[in-house]
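First, the structure itself, so that you have it in front of you.
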Amino acid sequence: MSQLVLFAIDICAVALLVFGLYFPRHRRRDLVVAYLGVNVGVLAVASALSASDVGAGLGLGLALFGVLSIIRLRSTELDQHEVAYYFSALALGILGALSTTSVWLSGGLMALIVAVMFIGDHRRLLRHYRHQIMVLDSAVTDHVALVAQLEQLLNARVHNAIVQRLDMVNETTVVDVRYSVARRSAATGTSKSVRAGALR
């Protein structure tokens, strides 16, 4: 009975993670299917392994967690927050499949995962900080001048600027920029328009 309770808690937790947190915030439908499928698949496989007579069943379940965790879907690139949701769906499935005498412990750990994702991916957490890759229409070799130019273009404070490509022939600079905008600019979305093309 406790195992069925854990299954129900897992389904509720992953539904909350996907439909309560991820999709309303990021609106990527294809990953909804991925997160649900991964969670239920891991839950089913790990449950079967842990209930089998093979002593290494639980170890195989955890190995499955490790193998799936290093797989990156090559069809489309995943952002870091999407990878975090991916890990969370995997962890919920593993916790739901573990045979334990304490349903409250597993349920509490599932709630902790969902709570951490709620807080960590909240739009108000570090909302003034931005990250983007910019293509400047000039070749800038001086780092100080580059930072000054970026701060002027972005109307923000640049914390880190890493040049990814410097093309002296075509006069372009590709730079990875991490910066923070002013509170007013972040709230109203009225930051200065940038002539440089931005790539996500």
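FYI, it's all coordinate maths here, none of it is from the lab. Predicted model only: the values in this text are computed from it and were never measured. Heads up, the Cβs are rebuilt from the backbone with ideal geometry, glycines too, and the neighbour counts pull from every protein chain shown.
Which of rounded, prolate, oblate describes the stretch 123-165, given a ≥ b ≥ c as roots of the alpha-carbon gyration tensor eigenvalues and a/c under 1.5 marking rounded, otherwise prolate only if a/b is larger than b/c?
The shape class here is prolate.
Answer rounded, prolate or oblate for the stretch 5-50, using the Cα gyration tensor with square roots of eigenvalues a ≥ b ≥ c: rounded when a/c is under 1.5, else prolate when a/b is larger than b/c, else oblate.
Oblate, since a/c reaches 1.5 and b/c is not below a/b.
May I pose another question? Picking from LEU146, LEU126, ALA156, whose Cα lies most toward the positive end of the charge dipole for the stretch 121-184 (charges on Cβ: Lys, Arg +1; Asp, Glu -1)?
Value: LEU126.
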